[in-house]
Amino acid sequence: MKAYARVFQGTAFTARSPEEIDILKDHLFCVNDDGVIAETIAPDSPEYEAVRSEYAVLDRYRQLAPGQYLLPGFVDLHVHAPQWAQSGTALDVPLYDWLHTHTFPLESKFADLNFAAEVYEDLVASLLANGTTTALYFATIHKESSLLLAEICAKKGQRGLVGKVVMDDPAQNPAYYRDADAAAALTDTEAFIVAVKELAKRAKQGVYPVVTPRFIPSCTDEALKGLGALAAKHDTHVQSHCSESDWAHGYVQDRLGKRDAVALSDFGLLGDKSVMAHCNFLDENDAALFARTGTAIGHCPISNAYFANSVIPIARWMDKGVEIGLGSDVSGGYSPSLYDNARQAVISSRMLEDGVNPALPADARGMQASRITIDEAFYLATAGGGEALSLPIGRLAAGYAWDAQIVDIALSGARLPVFSEDEPLHEIFQKIMYLVRPENIREVWVQGEQVHKRA
Ligand code: GUN
Ligand code: FE
């Protein structure tokens, strides 16, 4: 028999496709030394009893208790790590003002490595406690404290994709918080990429450097072009914001005479490893460009409700073949939890479809076929995020990383309302998605290692 590093026995939920959840009842999950799932074994398989009886006597075997379920760890496609320090505040200020009155002053403080360490340690721990096993981070313009964030991810065992933010345009950014010039921004970015790749050699779960122009309005053409070239040279992920607000989208059109998505593409910033946050105001051609280049949308439903007063037609873009995952957008979104964001994604999609006054003319009545289900929101938070990043994560299936959360719905003081022994598992799954709180998330695993445990 093969030697597995660990074997888990329990019932799991994992997305097969955007619409279909696989319910793996009382399966065995066999994990190799490298933290990758070797195989999942169903109870009716001929090997089941043999593997079970061999491993059940070992301490590498783990049978989930009654009331416990396995879900894949969540993939957060958009987190501004420094903004954790202002989460829940300033949500009534428009984007442009918010950047200048709240966000840039806060982010400028991350030149101080002690302050950065305090915030970043707490954020990574909080995300893990909320079931987020992979996060795509914007740090700040500071190379050293951005690297510190990658080091904290490595140390705590989270799969972190981290970007040193570039914002070099003196006309758009305050003197106290911007790159010295395009050349300095590119030199720092390349040094950052090399340093994170070095760090990655010591992180089993992987940490990754990400080329990160904040958004077109904050960068010069020279920086944007140079960043596209660096991403190609070092084969890195790329992240930015695209068509988030009327203001941002309109600014790009005025300065460059083209749509935001087209401009990003022309700078070499779209591709299979690119994730663009928000994308509220894509048109059909932009969406086709995303699909053709393999660029993913980081959908941030809570943030979009506040900053853009907007709902993106996720169902429509998924039908067009655009990859989409979920993002918290801390702190444009107030919650670090992708459970909260999955819930909002469903609510917002319902509002888009039919939440408008039916007494108004038809063209003022929302967008048909917009709604998504909680199953689809779960897909976005897991497998959709993995596909967006082109990494084998987000599913509990052979060949995927063992990134998992163990959720306990029978916990005293945090019980979910399941009262019948034979409640259908799909109903239990829906209750988990709508009602779980961090108290219910008992353990979190990344790449075969336990990274969070609630006593
Ligand atoms: N656009 C440019 N910077 C930001 C940011 O920090 N948050 C959000 N939501 N949008 C942005
Ligand atoms: Fe953002």
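Here are the numbers:
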read-out	value
Average Cα contact separation per residue, the stretch 320-450, under 8 Å, 6 or more apart, as relative contact order %	22
The stretch 261-307 and the stretch 1-15: distance between their alpha carbon centers, rounded to Å	36
Using alpha-carbon coordinates, inclination of helix 182-200 to the longest axis of the chain, degrees	10
DSSP-defined beta bridges in the chain - what % are antiparallel, rounded to 5	45
Proxy reagent accessibility, fewest Cβ within 10 Å first, across Tyr69, Tyr434, Tyr176	Tyr176, Tyr434, Tyr69
Net length gained if the chain between Ala398 and Ala191 were fully extended (0.36 nm per residue, minus Cα distance)	70.9 nm
Relative contact order %, the stretch 32-130, counting alpha carbon pairs below 8 Å whose residues are six or more apart	20
Sum of -39500 (n - 2.57) over DSSP H runs of 4+, divided by residues of the chain (222 nm, nearest 500)	-10000 deg cm²/dmol
Extension reserve of the Glu284-Arg16 stretch, reckoned as 0.36 nm per residue once the Cα distance is removed	93.8 nm
Cβ-Cβ FRET estimate between Ala171 and Asp266, R0 fixed at 35 Å, reported to 0.05	0.95
Shape call, the stretch 172-326: gyration tensor on alpha carbons, a/c limit 1.5	oblate
Computed E for Lys204/Ala180 - FRET, C-beta separation, R0 30 angstrom, nearest 0.05	0.25
Euclidean distance between Cα centres, the stretch 383-438 to the stretch 63-114, Å	22
Likely footprinting exposure, Met276, Met167, Met318, fewest C-beta neighbours within 10 Å first	Met318, Met167, Met276
Sequence-separation-based contact order of the stretch 74-389, relative, with Cα cut under 8 Å and 6+ spacing, percent	19
Highest to lowest packing among 334-345, 3-14, scored as the average C-beta count within 10 Å	334-345, 3-14
Cβ-Cβ FRET estimate between Ala410 and Val93, R0 fixed at 30 Å, reported to 0.05	0.10
0 to 90° range, to nearest 10: angle between helix 246-256 axis and the chain longest Cα axis	50
Cα-derived Rg to Rh of the chain, Kirkwood definition	0.98
Residue exposure sequence - His299, His234, His142 - by fewest surrounding Cβ within 10 Å	His234, His142, His299
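Where a number appears in this text, it was derived from the coordinates with a stated rule and is not lab data. All values reported here derive from a predicted model rather than from experimental measurement. Note that we place each Cβ from the backbone using ideal geometry, even for glycine, and neighbour counts take in every protein chain shown.
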